[in-house]
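**Q** Let me begin by handing over the structure; questions about it come next.
The values are calculated or read from the model by the stated rules, or taken from the named source; none is laboratory data. Because the structure is predicted, anything quoted here is derived from the model rather than measured. Virtual Cβ from ideal backbone geometry, glycine too; neighbours counted across all protein chains shown. With ligands, DNA and RNA removed, areas are computed over all heavy atoms of the protein, side chains included. Shrake-Rupley method; radii C 1.70, N 1.55, O 1.52, S 1.80 Å.
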Amino acid sequence: MRPWAIEPSRLTLRQLIAECASSLVARPGRSALTALGVVLGVGTFVTVVGLANTASGQISSAFDALSATTVTATDARVSDSGPFPYPSDTDARLARLHGIVGAGTIWHLDVSPDQVGAGPTAETLSTADVYAVSAGAWRAVQPRVTQGRFYDAFADRARQRVAVIGAALAKRLGITTLTTQPAITIQDVPFTVVGVISSSVRDPELLLSVSIPRGTAQALWGSPGAKTAATVVVATRNGAASQVAGEIPAALDPTDEHAISVTPPPDPRSLRDQVGNDLNALLVVLALICLAVGAVGIANTTLVGVVERTAEIGLRRALGARPRHIGAQIMGESAVLGGVGGLVGTSAGILVILAVSLARHWTAVMSPQLALLAPAIGLGVGSIAGLYPASRAARIEPTEALRR
Amino acid sequence: MTTTQPAAVELIDVERTYPGPPPVRALKQIDLRIPRGEYLAIIGPSGSGKSTLLNLLGLLDRPSAGTYRLAGVDVSGLAERDRAACRAQLIGFVFQSFHLLDQRSSLENVMLGALYQHRTEPTAELAARAARTLTSVGLAHRLEAPPSRLSGGERQRVAIARALINHPELLLCDEPTGNLDSGNTATVLGLLDNVHATGQTVVVITHDPEVAAHAQRRVAITDGNLTEVD
Ligand SMILES: Nc1ncnc2c1ncn2[C@@H]1O[C@H](COP(=O)(O)OP(=O)(O)OP(=O)(O)O)[C@@H](O)[C@H]1O
Ligand SMILES: [Mg+2]
């Protein structure tokens, strides 16, 4: 029965937030100290999870960059029909596959080491291997060139007598510059050195060896034979490896899919999962304890605040607040404290992760879910901590409160 | 005309007993009728039940027995939700100890008076209204001052502005001059006279005969019993 049609008291969400904020800002020191527990808890949590992600990210990024994107294929035919010939357009056929970064053929040439010699001084070498490397293979192996360049597909087709040698070998041969067009001989055939490579992650052997174009090698010493089986090296884009691996046999020999055996990369996930699990669990428990302590801190301070602000609560009731408005405000205040503590903790955690990553030369890995989840955790902790003080505040009798 | 218009307040056989032990009968069978626009003073010795009566009138407390009609409507049985709505829209309170929030400016304290209204108005509008109300109590120059930097009289004027911002039907003052010297008392009484002059119903609890003298009518409470004075 409300003949005046008096509408119920109301506190909009905006008003509620404004009231919470202004109450918290009114006591800045206390608010900061109260939120500290949540800052530490969320900060620890973010740091632990973030560092774990970052650390395993290092493993997987090294992994992704190399193993996870390398596919090799070898001759699988054991029949009498002879070794697989690897068509001369192998590079081009593979380059057409989707997800390929580079592909080419490499085989070891059966030339004896003492037949390798450096140009003018003609000093013979006891240990140096010679490889036939198709032009496309350079894009797959991706070695670093310190001097000169790789030979290209034209050199391959034109059977040019050019060579790329490893930096270590160049040093042994006394080759310091390519401007003089140094030459080396292999079985009395002179080759011009056009490039020197240092570091070659996919095929480190090339660093100690002489690499010559596939076409040149084939013309001089024949196709890859049983003794010198060729390998197809393929670099793929991230995530494309297994798909590419499935397509390679048909691309090389549409008539016999079993002529080629393909080795796809191992699954990186199994490796990633076992990294530092035990330590992480312990630290996460520690972070949870910090959060619990933070929650107790907020609950305690908020409860003390409710007692101190009894008169204010009585006044608000006299001004028309319903018990739920009082409860919502107290709960809101501790939720805001928790949320802000969570935000500060997340930022601090991210800073720690960045600092550690910088010091260790890691790439910091921070999942966006974690960056969003962590402040939400603070908000949740604050809300839970505010439940009891809020219900106490809502039950305060205005007549008692105003007697103060 | 007065017969058709309901009284602002009508108490019929109202009792208030505080459950003990021992139980205290703070109000005994109170009958009180306050016509609209009246300025009433309630006097009585300490512990006689004045504040208890004011809390009942202000819907902060419920009678143990009896009927309370506010502007003609029986409010004795209302749920807290509706009592809060009545406090927000029909009743203004002024307390002896001001009850201002120290961390907020005079203006913000006055704006707090409209916080729980059903109708939410833009902050700028509300602030302008609060500033006008503060101006009407003579504090146009102290809008931004926190209560801690106001004199006692100024603080009570802020509290009165807070009570008036919603134009309440009923202004309830519990010892409004209890903490003030004679000069400030005069200022506050002048303000209450103004409020009365605008047609609002004013009820003032006081020890002070000078304060009681300002009212149109005086009732006395002794030991929970209400009697007319004069
Ligand atoms: N919550 C309570 N519980 C029990 N007794 C109470 C309670 N509140 C008030 N009383 C008693 O009720 C009686 C009336 O109290 P009330 O506060 O109304 O007096 P008052 O007239 O306002 O006195 P004063 O002038 O000192 O403020 C007193 O005897 C008091 O002790
Ligand atoms: Mg009293």
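**Q** Among residues belonging to region A:368-386 that are in contact with a Gly (Cβ under 9 Å, 6 or more places away or on another chain) and of a type outside the set (Gly, Ala, Ser), point out the one that is modelled with the lowest pLDDT.
**A** A:Leu370
**Q** Does B:Ala84 fit the bill of being at negative phi, surrounded by 17 or more Cβ atoms within 10 Å (Cβ to Cβ), in a loop (DSSP other than H, G, I, E, B) and more than 12 Å from ligand 1 (Cβ to nearest atom)?
**A** In short, no.
**Q** State whether one or more residues within region B:185-199 are in contact with a Pro (Cβ under 8 Å, 6 or more places away or on another chain) and surrounded by 14 or more Cβ atoms within 10 Å (Cβ to Cβ).
**A** yes
**Q** Okay, next question. Take region A:240-267 and flag every residue that is closer than 18 Å to A:Leu97 by Cα and without any contact (Cβ under 8 Å) to a residue 24 or more places away in the chain.
**A** A:Ser242, A:Gly246, A:Ala250, A:Pro254, A:Thr255, A:Glu257 - these are the residues of region A:240-267 that are closer than 18 Å to A:Leu97 by Cα and without any contact (Cβ under 8 Å) to a residue 24 or more places away in the chain.
**Q** Please go through (1) buried (at least 21 other Cβ atoms within 10 Å of the Cβ); (2) of a type in the set (Val, Ile, Thr); (3) away from ligand 2 (no atom under 16 Å from the Cβ); (4) more than 12 Å from the chain's Cα centre (by Cα) for B:Ile221 and return the number of the only condition it doesn't satisfy.
**A** With respect to (1) buried (at least 21 other Cβ atoms within 10 Å of the Cβ); (2) of a type in the set (Val, Ile, Thr); (3) away from ligand 2 (no atom under 16 Å from the Cβ); (4) more than 12 Å from the chain's Cα centre (by Cα), B:Ile221 is out only on (3).
**Q** While we're here: What pairs come out if I take residues in region B:158-178 that are closer than 17 Å to B:Leu101 by Cβ and pair them with residues that are open to solvent by 10 Å² or more (accessible area, probe 1.4 Å) and within 13 Å of ligand 1 (Cβ to nearest atom) whose C-beta lies under 9 Å away, six or more apart or interchain?
**A** B:Ala159/B:Phe95
**Q** A further question follows. Can you report the number of residues in region B:87-111 which are part of a helix (DSSP H, G or I) and either at the interface with chain A (Cβ under 7 Å from one of its Cβ atoms) or on the phi > 0 side of the Ramachandran plot (or both)?
**A** Going through region B:87-111 one residue at a time, the tally reaches 3.
**Q** So B:Thr52 fits all but one of (1) within 13 Å of ligand 1 (Cβ to nearest atom); (2) part of a loop (DSSP other than H, G, I, E, B); what number is the exception?
**A** With respect to (1) within 13 Å of ligand 1 (Cβ to nearest atom); (2) part of a loop (DSSP other than H, G, I, E, B), B:Thr52 is out only on (2).
**Q** Can you tell me which of (1) at pLDDT below 95; (2) open to solvent by 30 Å² or more (accessible area, probe 1.4 Å); (3) more than 40 Å from the chain's Cα centre (by Cα) is the one A:Trp362 doesn't meet?
**A** (3)
**Q** For region B:124-213, list the helices (runs of 4 or more DSSP H) that sit wholly inside it and hold at least 2 residues that are more than 16 Å from ligand 2 (Cβ to nearest atom) and polar (S, T, N, Q); which are they?
**A** Of the helices (runs of 4 or more DSSP H) lying wholly inside region B:124-213, those with at least 2 residues that are more than 16 Å from ligand 2 (Cβ to nearest atom) and polar (S, T, N, Q) span B:182-197.
**Q** Quick one: count up the residues across region A:300-332 that are at the interface with chain B (Cβ under 8 Å from one of its Cβ atoms), open to solvent by less than 20 Å² (accessible area, probe 1.4 Å), part of a helix (DSSP H, G or I) and in contact (Cβ under 8 Å) with a residue 40 or more places away in the chain.
**A** 5
**Q** Quick check: anything in region A:388-395 within 14 Å of chain B (Cβ to nearest Cβ) and either within 21 Å of A:Ser334 (Cα to Cα) or outside any helix (DSSP H, G or I) (or both)?
**A** Yes, the conditions are met somewhere in region A:388-395.
**Q** Okay, next question. Please verify whether B:Gln216 is at pLDDT 90 or above and open to solvent by less than 60 Å² (accessible area, probe 1.4 Å), treating the condition exactly as stated.
**A** So B:Gln216 fails the test.
**Q** When A:Thr179 is evaluated against the numbered criteria (1) part of a loop (DSSP other than H, G, I, E, B); (2) of a type outside the set (A, V, I, L, M); (3) buried (at least 16 other Cβ atoms within 10 Å of the Cβ); (4) over 36 Å from the mean Cα position of the chain (by Cα), which criterion, by number, is the only one it fails?
**A** With (1) part of a loop (DSSP other than H, G, I, E, B); (2) of a type outside the set (A, V, I, L, M); (3) buried (at least 16 other Cβ atoms within 10 Å of the Cβ); (4) over 36 Å from the mean Cα position of the chain (by Cα) applied to A:Thr179, the lone miss is (3).
**Q** Please give the number of the condition A:Ala230 fails out of (1) under 30 Å from A:Leu109 (Cα atoms); (2) of a type in the set (Gly, Ala, Ser); (3) within 35 Å of the chain's Cα centre (by Cα); (4) at pLDDT 85 or above.
**A** (4)
**Q** If you don't mind, another one. From the set of residues in region A:107-144 that are farther than 16 Å from A:Ala183 by Cβ and surrounded by fewer than 16 Cβ atoms within 10 Å (Cβ to Cβ), which is modelled with the highest pLDDT?
**A** A:Arg144
**Q** Sticking with this structure for a sec: Quickly run through region A:365-382 and pick out the residues that are open to solvent by 70 Å² or more (accessible area, probe 1.4 Å) and under 21 Å from the mean Cα position of the chain (by Cα).
**A** Listed by number, the residues that qualify are A:Pro368, A:Gln369, A:Leu372, A:Leu373.
**Q** If A:Val352 satisfies all but one of (1) in contact (Cβ under 8 Å) with a residue 24 or more places away in the chain; (2) open to solvent by less than 30 Å² (accessible area, probe 1.4 Å); (3) over 19 Å from A:Ala26 (Cα atoms), what's the number of the condition it fails?
**A** (2)
**Q** Separate question: Filter region B:36-77 down to the residues that are away from ligand 2 (no atom under 13 Å from the Cβ), under 27 Å from B:Asp208 (Cβ atoms) and among the acidic types (Asp, Glu) and list them by number.
**A** B:Glu38
**Q** Does B:Pro176 count as of a type outside the set (Asp, Glu) and within 16 Å of ligand 1 (Cβ to nearest atom)?
**A** When the stated conditions are applied, B:Pro176 passes them.
**Q** Of the numbered conditions (1) within 13 Å of ligand 1 (Cβ to nearest atom); (2) of a type outside the set (Lys, Arg); (3) within 13 Å of chain A (Cβ to nearest Cβ); (4) not in a strand (DSSP E or B), B:Pro22 satisfies every one except a single condition; which is it?
**A** It fails just one condition, (3).
**Q** Also, quick follow-up: Being in a loop (DSSP other than H, G, I, E, B), closer than 27 Å to B:Ala7 by Cβ and more than 16 Å from ligand 2 (Cβ to nearest atom): is that true of B:Ala114 here?
**A** yes
**Q** Being touching a strand residue (DSSP E or B) at 6+ places or on another chain (Cβ under 9 Å) and free of Cβ contacts under 8 Å to residues at least 12 places away in the same chain is the filter here; which residues of region B:78-112 pass it?
**A** The answer is none; no residue qualifies.
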